[in-house]
Amino acid sequence: MPDSARVWIYQASRPFTQEEKELITSRMTAFCNQWNTHGNLMPTSFDIKYDQFIILSVDESKLGASGCSIDSSVRTLRELDEVLQVNLLDQGKISFVNQDEITISNLAKIKAFIQEGQLTETTKVFNPMIQRKEDLNSKWLIPASESWLSRYFSN
């Protein structure tokens, strides 16, 4: 996929097992091989990162994803979520790297992580708002001080 490809990131509430990654790969490959908008196949790809994130991408340079095509991708992820029970579609999760492990939590627990020192201004957090493949390298994993979480740290 080119750097300009649009991406959607789905984060699981726990790491995938090897068997689950094989299931994800099988279902996502089948989905990408038939994903279309208004009957035209779209150039698509997916990746599993950190054993916990599914990244779906589409090259919109020649053909943009329509609302119906995006809905079909969400249906596929919902089906995977029903099988795996990992809350892929819950957008209220916050993910960060703590001592080389990924911690995924909800907002209600973030203040406790900060008070305990597990989440600091320099802690790397995953930015779920990125929309382009090029941003995966520079804007996906950023210090908490550069994210919306900065409001929780005293200046």
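The length gained by stretching the chain between V83 and D3 to full extension, at 0.36 nm per residue less their Cα-Cα distance, is 25.6 nm. FRET efficiency for the pair F153 and Y50, taken as 1/(1 + (r/R0)^6) with r the Cβ-Cβ distance and R0 = 25 Å, rounds to 0.55. Electrostatic bookkeeping for E134 treats Lys and Arg as +1 and Asp and Glu as -1; over the other residues with beta carbon under 13 Å from its beta carbon, the sum is +1. Using the 1.4 Å probe convention, the accessible area of the chain works out to 57 Å² per residue with neighbouring protein chains retained. Modelled spin labels at L23 and L107, positioned 7 Å past Cα toward Cβ, are 3.1 nm from each other.
Taking only the Cα atoms of segment 80-148, the radius of gyration and Dmax are 12.9, 36 Å.
A Cβ-based charge dipole, computed about the Cα centre of the chain with Lys and Arg at +1 and Asp and Glu at -1, lands at about 340 debye.
Between the residues F46, S147, V83, the greatest Cα displacement towards the positive end of the dipole of the chain, with unit charges on the Cβ of Lys, Arg, Asp and Glu, is found for S147. Taking H placed 1.01 Å from N in the peptide plane, check which residues at least 5 places from N98 or on another chain put their amide H under 5 Å from its amide H. Hits under the 5 Å cutoff: T103. Of the residues M129, M1, ranked by 1.4 Å probe accessible area with the largest first, the sequence reads M129, M1. Computed across the chain, the Kirkwood hydrodynamic radius from all distinct Cα-Cα pairs reaches 16.6 Å.
The values are calculated or read from the model by the stated rules, or taken from the named source; none is laboratory data. Quick caveat, the model's predicted, so the values are computed rather than measured. Note: ideal-geometry Cβ built from the backbone for every residue, glycine included; neighbour counts use all protein chains shown. Side chains are part of the model used for accessible areas, which takes the heavy atoms of the whole protein and leaves out ligands, DNA and RNA. Shrake-Rupley method; radii C 1.70, N 1.55, O 1.52, S 1.80 Å.
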